[in-house]
Amino acid sequence: MDLNDLLPYLVGAPVLVAGAAAALLVRRRRGGDQRPDARPDATRTATDVVDRPVVPTPVVPPDVAVDGTSGAVEGATVEDISVEDLVAPPLETPAPTAGRLRRLRERLARSGSPLGTRLLSVLSRDQLTEDDWDELEETLLLADVGAGPTDEIMQALRTRVRVEGHSDPVQVRAVLREQLLALVDPSLDRSLRTAPVTTADGEPVPAVVLVVGVNGTGKTTTVGKLARVLVADGRTVVLGAADTFRAAAADQLETWGSRVGVRTVRSDRDGADPASVAFDALRTGRQERADVVLVDTAGRLQNKAGLMDELGKITRVLSRDVPLSEVLLVLDATTGQNGLQQARVFGEVAGVTGIVLTKLDGTARGGIVVAVQRELGVPVKLVGLGEGPDDLAPFDPEAFVDGLLGD
């Protein structure tokens, strides 16, 4: 094809371009630009923004509120409105704490607690030989009751069996229940001190609850569940995300708090000073007149002196003006005797006032309740029963022992 053949096309191209431009101009004058990325007209509502995000937009009309209905939002632009503002998730209502431990008792009864089942099986035999007594002792030790408490219960059982006999299964169960309940010690004060306190000058201030423990015990999750317990009991709570060494800890805690309308005070950067975050949480709690300030701390290995020193600093900072109401140590019930070493060191550094045992729903090793109380001289106050958000319950010695025995 030579130049003469192309000439008609070259002459006609400008005409086609001009025609398209004219048609576009007419369409705009008649009906407005219908392109997907066009700027919205004045009748567009905030609801449309959720359906199809757009590029920079004009000011929202004064008669359109952020919920897309009515009311002025003077000076607000569409890009200032987030999806969270438009559709706020409803707050959850935590389950009441009363009766929660009954669920643990039911679970243990359904599954046939290995500890209670084995003990009753041996004690119900017609004649107890030394091998039977050795089996009883081994069962208690494997359940993490501890050497000292095991010796006590073995001596008590031997005495009762010799004096009262053991042929009646009902009587055997009653004797065993009595001995286990004595070891768990129902006389200990297991209440949580979460009522606001008053300073020397008469100022009401929140109760401060510090939660400590090592990584992997479910500490941050326990803090979130404890916030739900407090909300269910009618307390107002402020959370302090003082675990600044684990990147996701503050996000995790904030998610727990947002579900029940609890504010979380956190640092704007990872690795910030944990004591500073704890202090900010206390200050916020005082300003907002909260009932409880609940502070999560970094999971610390008990043999790392520097990390334990940091925990001591948090304790000192919080205690300057307000005494700590509770220091709760979170322990994994499945760790057994290793948990006792953790308990010793944390008790020395932070002055533990109560134990939270997590993962207690699989209770072949439920004797850790006895061992840790004996070691620290402080009670188990809360137990984690499972993975649900409301599976943290106040510890009830009688319900726990009855669950072990399958009553």
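The values are calculated or read from the model by the stated rules, or taken from the named source; none is laboratory data. Everything quoted here is computed from the prediction, not taken from an experiment. Don't worry about glycine lacking a Cβ; one is built from the backbone with ideal geometry, like all the others, and counts go over all protein chains shown. Side chains included, ligands, DNA and RNA excluded: accessible areas come from the protein's heavy atoms. Shrake-Rupley method; radii C 1.70, N 1.55, O 1.52, S 1.80 Å.
Before moving on, here are some points about what is shown:
- Candidate set from segment 200-220 (those that are within 24 Å of L385 (Cα to Cα) and not β-branched (V, I, T)); member that is most open to solvent (accessible area, probe 1.4 Å): N215
- Looking across segment 392-407 at every residue that is outside any helix (DSSP H, G or I) and open to solvent by 20 Å² or more (accessible area, probe 1.4 Å), the one that is nearest to G146 (Cα to Cα) is identified as D396.
- Looking only at residues of segment 118-147 that are among the β-branched types (V, I, T) and within 39 Å of the chain's Cα centre (by Cα), we find that the one that is nearest to L183 (Cα to Cα) is V145.
- V322 falls short on exactly one of the conditions (1) farther than 16 Å from G216 by Cα; (2) modelled with pLDDT of 90 or more; (3) hydrophobic (A, V, I, L, M, F, W, C), and that condition is (2).
- Matching option when the condition is surrounded by 20 or more Cβ atoms within 10 Å (Cβ to Cβ) and either more than 30 Å from I153 (Cβ to Cβ) or not small (G, A, S) (or both), among V197, V265, V260: V265
- Looking only at segment 352-407, and only at residues there that are at positive phi and touching a helix residue (DSSP H, G or I) at 6+ places or on another chain (Cβ under 7 Å), the one that is modelled with the highest pLDDT: K359
- Test: V223 is part of a helix (DSSP H, G or I), touching a residue at least 12 places away in the same chain (Cβ under 8 Å) and open to solvent by 10 Å² or more (accessible area, probe 1.4 Å): no
- Condition met for R263 (closer than 14 Å to V293 by Cα and among the basic types (K, R)): yes
- The test for being open to solvent by 20 Å² or more (accessible area, probe 1.4 Å), among the hydrophobic types (A, V, I, L, M, F, W, C), assigned to a helix (DSSP H, G or I) and free of Cβ contacts under 8 Å to residues at least 60 places away in the same chain holds for V163.
- Annotation: of all residues in segment 331-354 being more than 20 Å from L141 (Cβ to Cβ) and of a type in the set (G, A, S), the one that is nearest to the chain's Cα centre (by Cα) is G354.
- In this structure, V208 qualifies as in contact with a helix residue (DSSP H, G or I) (Cβ under 9 Å, 6 or more places away or on another chain) and in contact (Cβ under 8 Å) with a residue 24 or more places away in the chain.
- Number of residues in segment 167-178 that are open to solvent by 30 Å² or more (accessible area, probe 1.4 Å) and touching a helix residue (DSSP H, G or I) at 6+ places or on another chain (Cβ under 8 Å): the value is 4.
- For G336, the criteria (1) surrounded by 19 or more Cβ atoms within 10 Å (Cβ to Cβ); (2) at pLDDT below 80 hold in every case but one, which is (1).
- Candidate set from segment 229-257 (those that are in contact with a Pro (Cβ under 8 Å, 6 or more places away or on another chain) and closer than 17 Å to G285 by Cα); member that is most open to solvent (accessible area, probe 1.4 Å): V231
- All of L128, L136 fail the test of being open to solvent by less than 60 Å² (accessible area, probe 1.4 Å), modelled with pLDDT of 75 or more and either closer than 30 Å to K225 by Cβ or not in a helix (DSSP H, G or I) (or both), apart from L128.
- Among the residues of segment 227-274, those identified as in contact with a strand residue (DSSP E or B) (Cβ under 7 Å, 6 or more places away or on another chain) and assigned to a loop (DSSP other than H, G, I, E, B) are R235, D243, V262, R266.
- Residues within segment 343-357 that are of a type outside the set (G, A, S) and open to solvent by less than 20 Å² (accessible area, probe 1.4 Å), tallied: 5
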